[in-house]
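The values are calculated or read from the model by the stated rules, or taken from the named source; none is laboratory data. Computed from a predicted structure; not experimentally measured. We work out accessible area using only protein heavy atoms, side chains counted, and drop any ligands, DNA or RNA first. Shrake-Rupley method; radii C 1.70, N 1.55, O 1.52, S 1.80 Å.
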Amino acid sequence: MQSNTYAGLPGLLADGPDPQVATEMALFGRLIGHWRVVNRLRDEAGRWSSFDGTWDFAWSLGGRAVQDVLNCPSAPGRYPGTTVRCYDEREDRWYAWWLDPHSGTYVTLTASPADDGVELLGHTQHGVALRWVFTDITGDSFHWSGYRSVGGGPYELVQEMAVRRG
């Protein structure tokens with residue numbers, strides 16, 4: 001039987017951004033660190049519930065990616081998930097993938113700067129359109145909003161997080 005512990009995954013974590021794309025990596029690089037989260041979720045009936053959690057961001061894959069782990073253990077049916085964000089210098093475009101193997105949700109997005117934050121647009125593997133927005137980003141806090149559109153309808157807010165460093 002194999003052990004569940006491993007001293008590290010060489011190449012997964014990096015000390016900082018790749019110097020060749022350091023300026024571009026700052027879009028998400030400013031989020032590197034440990035954050036506390038108040039995660040508000042709307043259920044199918046339109047009721048809102050709040051859950052505490054953590055959100056950890058790190059340099060990854062030779063400093064060419066920013067990866068996170070979002071964990072809100074008290075949220076029903078919610079387990080840790082991860083997003084990998086990579087800057088493609090050939091296309092001058094950010095790509096992001098949210099992976100939640102516990103719920104079976106996989107999301108593909110593209111990201112771009114927007115006003116005072118970042119906007120990500122994409123879809124789930126089932127074709128549900130998503131819009132994720134980071135706003136009010138400072139050194140100590142930011143706000144995250146998650147919207148969805150089903151069947152080409154308008155985007156509706158289904159999740160938001162108030163996030164504080166620490």
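As an exercise, take the mean of 1/r over every pair of distinct alpha carbons in region 1-132, invert it, and state the Kirkwood radius in angstroms.
16.3 Å is the Kirkwood radius here.
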**Prompt:** Calculated from DSSP H runs of 4 or more alone, at -39500 (n - 2.57) each and per residue, what is the 222 nm mean residue ellipticity of the chain, nearest 500?
**Reply:** -1500 deg cm²/dmol
**Item:** Part-to-part distance (alpha-carbon centres) for region 59-87 and region 120-166, which is given in Å
**Value:** 14
**Request:** Give me the percent of Cα-Cα pairs in region 50-109 that sit more than 18 Å apart, rounded to a whole number.
**Result:** 41
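Which order do TYR106, TYR79 take when ranked by solvent-accessible area (1.4 Å probe, heavy atoms of all protein chains), largest first?
Details: TYR106 90, TYR79 120 Å².
Highest to lowest solvent-accessible surface, that is TYR79, TYR106.
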**Full-stretch length increase - ASP140, LEU121 - with 0.36 nm per residue and alpha-carbon distance subtracted** = 4.3 nm
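Tell me the Kirkwood radius of region 104-166: reciprocal of the mean inverse pair distance over distinct alpha-carbon atoms, in Å.
Computed over region 104-166, the radius equals 12.4 Å.
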**Prompt:** Ranked by accessible surface with a 1.4 Å probe, highest first, in what order do VAL163, VAL84, VAL69 come?
**Reply:** VAL69, VAL84, VAL163
**Asked** In square angstrom, rounded to the nearest 10, how much accessible surface does ARG164 have for a 1.4 Å probe?
**Response** 130
